[in-house]
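Notes follow the structure.
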Amino acid sequence: MLFRQAGIHHTDYASDRALFPVPADRIMIIGLLVLAVTAPLTTSSLTLSSYLLPWLVWTAATLGLNLILGWAGQFHFGYAAIMGIGAYASVHGARNGIPWEIAVVLGGLTATVIGSTFAFAALRVKGLYLALSTLALQFVMDWVISHVPAISGGTQATLQAPPMKLLGQAVTSEVGFYYVALGWCLIVTLFMLNLRRTALGRALVAVREKDFAAAVIGVHSFRYKLVAFATSSFIGGVSGAILIFTFYRAVTPEQFAVNVSIELLAMVIVGGLGSIIGSYFGAAFILLMPGLMNSLIGWLAALAGARLGVEALAHIPHAVYGALIIIFLLVEPMGLGKMYANLRNYLLVWPFGYARK
Amino acid sequence: MDWALFAELALNGAMAGLMYSLVALGIVLIYKSSSVPNLAQGAMTMLGAYFVLEVARYGHVPMWVAIPIAMLLMFGVGLGIERVALRRLAGRPIIMILMMTLGLDIFLRAIALTVFGSSGRPMPIGIPDDPLFLGPILLNRSYAVGAAVALALFGLFVLFFRSRRGVVLRAISDDYTASWSVGISVERGVALSWAMSAVVATTAGVLWGSVQGVDQSLSMLLLKGVTVAVLGGLDSIGGAMLAGLLLGIFESVASGYLDKLVGGGSRDLVVAATLILTIMIRPHGLFGRHDIERI
């Protein structure tokens, strides 16, 4: 119906391998892009700066984590630390007079260098032990960031991000920040979309499925693990830097603590491992849900005439967030991305359900 | 070098380490039977401590009655967690299982704080605050009690694993399918190990609660518990005890000297570094089974 495939004939490989072979997808993407670009005109400044902007940046970070978790199949429980390294490196760079663009790339590269050390853990162990060692590395990074005054500016200190200048133009407005975030998110999305069509992406999938089987067919599994960790660290580092420059405007160690790592993992899991559209859904879900849930519960309590303590209200969103992770794992382990794919597959052949795509 | 200080750090560390073993013991019990690394053990510890306090408060019973009642309740909680959350995940990829236990951790912690409130509360089990004197060395009385309870529990588990039910659990941990085929109810065994682990968590919660008060920080024992469990080998109960002893001594001594250099807060760093080094050098731990895959 919606995703009509009838009458689409691919007569050459290029059209068969196009990013979006189904016209409905292309139209939807164009529509979404138009919506995204015109969002500053159509939405309020509050929605733009406190919902859309963080959503886009967190989506970019989720995609980066999905690269390592969903594509390469390697655990990474310390992704927030990687983002923190990128953020701190770029803020320090920019404070020392390096142009903003270069400072952000520098942040990404610093994150890449340090993040690649995680790959050496992956060389030695995998599965549970890799998860635990990356979790421990997160604690070490947290400790280093908060205890070395040269990095954090002292314990409990906040480091103000200097004003942002893109290609010589000062970016100060909310709209400008939004476009920077949108641009970065689109770049990462394009990269991830193309990843599955390249040798690199297929090699990563081979490593994920079975690393020694990959080695047998000539895929150097350690090299690709290293590439995966480095690439996803770069994405994470730049995302962390952009998050600081466009959203928080100041950087503190707690912004990249271990619970943020778990939140990122939840975004990937709720969104769906290896799903790009799922990363968008997952980030939106985990970011927006606690706030929505809080107002819903407040409203219900007011309706029922019950009085909830401030304390209870502060912890209920966490409980719901934990419950959501549990429910998703029980009901749809492949996440929202899989739900979308199911719907799309159904509509692809509707009303001829027997002709499963 | 000040030998009295060193001995004091080491002895107190050893006893605190045995109390870490209590947390690790719960993780090991579950991992042994079902290969599930339970990252919710910290939250279960906290929940157990809150249960004890609430039973004592609303049941108007003394502590020594409240603790067994809370243990019974936690036994049920453990059974419930296994039945609702983990049973359906059997055979799924490890990432799903890890995320499930993480989700449980977040959920249990938040529920406990929502229902019972997050302000810190004391756990009055009647251990006096004044230290024990052992020559020039001061020993923390709560740690001493905790260490004794940990050793007693260890003894109990050694005995338990020689009983009929214990042999069944050992068979399950040895080979899932083989025990199934000889008529052992694997589900029931795994559920029992979750329930026992919840009871152990209550013990740990009571003892740690008497040391540092009952609040959210109890769930932070998870990192130490995991480190001890990995260091000892994830499926070895004796390993967990020895590793707790070692980690306790190492943490106490190393942070005792490091804190002066870096200005405090090096305990977590020492623990995390121990975890990383263990995994890099000897991933199966001191006494764990050797079935980790190398690349």
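Positive end of the charge dipole of the protein assembly as shown (Lys, Arg +1 and Asp, Glu -1 on Cβ, about the Cα centre): tell me which of A:Pro163, B:Ala201, A:Pro351 has its Cα farthest that way.
Farthest towards the positive pole: A:Pro351.
Can you run the Rg to Rh ratio on the protein assembly as shown? Use alpha carbon positions and the Kirkwood inverse-distance Rh.
Working: Rg = 26.1 Å, Rh = 26.5 Å.
When Rh is taken as the Kirkwood radius, the ratio is 0.99.
One quarter of the convex hull surface, Cα atoms only: what value does that give for the stretch A:139-206 in nm²?
Taking a quarter of the hull surface, the average projection is 8.1 nm².
Say each of A:Leu347 and A:Leu167 gets a label point 7 Å from the Cα, pointing the same way as Cα to Cβ; how far apart are those two points in nm?
A separation of 3.5 nm, rounded to one decimal place.
With unit charges on the beta carbons (Lys and Arg positive, Asp and Glu negative) and the dipole taken about the Cα centre of the stretch A:43-349, which residue among A:Gly86, A:Val140, A:Leu186 sits farthest to the positive side?
Towards the positive end, the residue furthest out is A:Leu186.
Taking the C-alpha atoms of the stretch A:43-349, how large are the radius of gyration and the largest Cα-Cα span, Dmax, in Å?
Rg, Dmax (Cα atoms, Å): 19.8, 67.
Under the rule of -39500 (n - 2.57) per DSSP H run of 4 or more residues, summed and divided by the residues of chain B, what mean residue ellipticity at 222 nm is obtained, to the nearest 500 deg cm²/dmol?
Details: 11 runs with 210 residues, N = 295.
It lands at -24500 deg cm²/dmol.
With a sphere of radius 15 Å drawn around the Cβ of B:Leu86, what net charge do the other residues whose Cβ falls strictly inside it have (Lys, Arg +1; Asp, Glu -1)? Can you show the working numbers first?
Values: positive: B:Lys32, B:Arg83, B:Arg87, B:Arg88, B:Arg92, B:Arg188; negative: B:Glu82, B:Asp105, B:Glu187.
That works out to +3.
Calculate, axis by axis, the spread of Cα positions in the stretch B:78-131 along the three principal axes, and write the results as whole Å, longest axis first.
Extents along the principal axes, in whole Å: 50, 26, 20.
Let's see if you can work this out: charge +1 on each Lys and Arg Cβ, -1 on each Asp and Glu Cβ, no other charges. What is the dipole magnitude of the stretch A:43-349 about its Cα centre, in debye to the nearest 20?
Numbers: 15 positive and 9 negative charges, 145 e Å.
Taking the Cα centre of the stretch A:43-349 as origin, the dipole is about 700 debye.
Expected output is a single nm value to one decimal: the length gained when fully extending between A:Glu101 and A:Arg124, i.e. 0.36 nm times separation in residues minus the C-alpha distance. What is it? All intermediate terms of the calculation are to be shown ahead of the outcome.
On the way: separation 23, 0.36 × 23 = 8.28 nm, distance 3.58 nm.
Value of the extension gain: 4.7 nm.
Using only Cα atoms, locate the centre of the stretch A:151-191 and the centre of the stretch B:190-250, then give the distance between them in Å, rounded to an integer.
43
Take the alpha carbon atoms of the stretch A:71-106, find their center, do the same for the stretch B:1-25, and report the distance between the two centers in whole angstrom.
39
Would you please state which residues of the stretch B:190-217 a label at B:Arg162 would reach in this model, taking the label point 7 Å out along Cα→Cβ and a backbone N cut-off of under 19 Å?
none
Which one of A:Ala301, A:Pro333, A:Trp55 is farthest out on the positive end of the charge dipole of chain A, using unit charges on Cβ (Lys, Arg +1; Asp, Glu -1) and the Cα centre as origin?
Looking along the dipole axis, the top candidate is A:Pro333.
I'd like the FRET efficiency for B:Arg92 and A:Arg197, computed as 1/(1 + (r/R0)^6) with the beta carbon distance as r and R0 of 30 Å, rounded to 0.05. Present the calculation step by step, with values, prior to reporting the outcome.
Values: r = 29 Å, r/R0 = 0.97.
The pair B:Arg92/A:Arg197 has a calculated efficiency of 0.55.
Kirkwood Rh over Cα pairs of chain B into Stokes-Einstein at 25 °C, 0.890 mPa s: D in µm²/s? Could the numbers behind the result be given before it?
Details: Rh = 19.5 Å.
Rounded, D is 126 µm²/s.
Under 5 Å between amide hydrogens, which residues at least 5 positions from A:Lys165 or on another chain qualify, with H placed 1.01 Å from N in the peptide plane?
Excluding prolines and chain starts, which carry no amide H, the hits are A:Trp100, A:Val171.
For A:Lys165, go through the aspartates and glutamates and keep the ones whose alpha-carbon is under 20 Å away, minus same-chain ones fewer than eight residues off.
Excluding near neighbours in sequence, the set is A:Glu101, A:Glu174.
Sorted by average packing, counted as other Cβ atoms within 10 angstrom per residue and highest first, what order do B:142-151, B:183-192 take? Don't jump to the answer; show the numbers that get you there.
Details: B:142-151: 20.7, B:183-192: 16.9.
Highest-to-lowest ranking by the protection proxy: B:142-151, B:183-192.
Per DSSP H run of at least 4 residues, take -39500 (n - 2.57); add these up for chain A, divide by its residues and hand me the 222 nm value, nearest 500 deg cm²/dmol. Walk me through the numbers on the way to the answer.
Values: 15 runs with 246 residues, N = 357.
Estimated from H runs of four or more residues: -23000 deg cm²/dmol.
Rounded to whole Å and ordered largest first, report the semi-axes of the equivalent ellipsoid of the stretch B:149-295 derived from its Cα gyration tensor (root of 5λ).
Semi-axis lengths for the stretch B:149-295 are 32, 20, 12 Å.
Could you let me know the centre-to-centre spacing of the stretch A:254-331 and the stretch B:151-177, using Cα atoms, in angstrom?
39
Within the stretch A:261-357, list the chymotrypsin sites (Phe, Trp or Tyr not before Pro) lying in a DSSP loop whose Cβ has at most 13 other Cβ atoms in a 10 Å radius.
Numbers: sites: A:Tyr280, A:Phe281, A:Phe285, A:Trp299, A:Tyr321, A:Phe328, A:Tyr340, A:Tyr346, A:Phe352, A:Tyr354; in loops: A:Phe352, A:Tyr354.
Passing sites in the stretch A:261-357 are A:Phe352, A:Tyr354.
Counting Lys +1, Arg +1, Asp -1, Glu -1, what net charge surrounds A:Gly84 among other residues with beta carbon under 11 Å of its beta carbon? Please report the intermediate quantities before stating the final value.
Working: positive: none; negative: A:Asp142, A:Glu254.
Local net charge: -2.
Is there a simple number for the mean count of other chain Cβ atoms within 10 Å of the Cβ of residues in B:273-284, and what is it? Can you show the working numbers first?
Working: counts 5, 1, 8, 9, 2, 4, 11, 7, 1, 0, 9, 2.
Per residue, the average neighbour count from other chains is 5.
Using every Cα-Cα pair within the stretch B:190-234, state what percent have a distance larger than 15 Å. Provide the component values of the computation, followed by the final result.
Values: 525 of 990 pairs.
Considering the stretch B:190-234, 53 percent of its Cα-Cα pairs are separated by more than 15 Å.
What FRET efficiency, computed as 1/(1 + (r/R0)^6) with R0 = 56 Å and r the Cβ-Cβ distance, is obtained for B:Ile127 and A:Ser44, rounded to the nearest 0.05?
0.45
Throughout, read-outs are computed from the coordinates displayed, never taken from laboratory work. Worth saying up front: this structure is predicted, and the values here are computed from it rather than measured. Don't worry about glycine lacking a Cβ; one is built from the backbone with ideal geometry, like all the others, and counts go over all protein chains shown.
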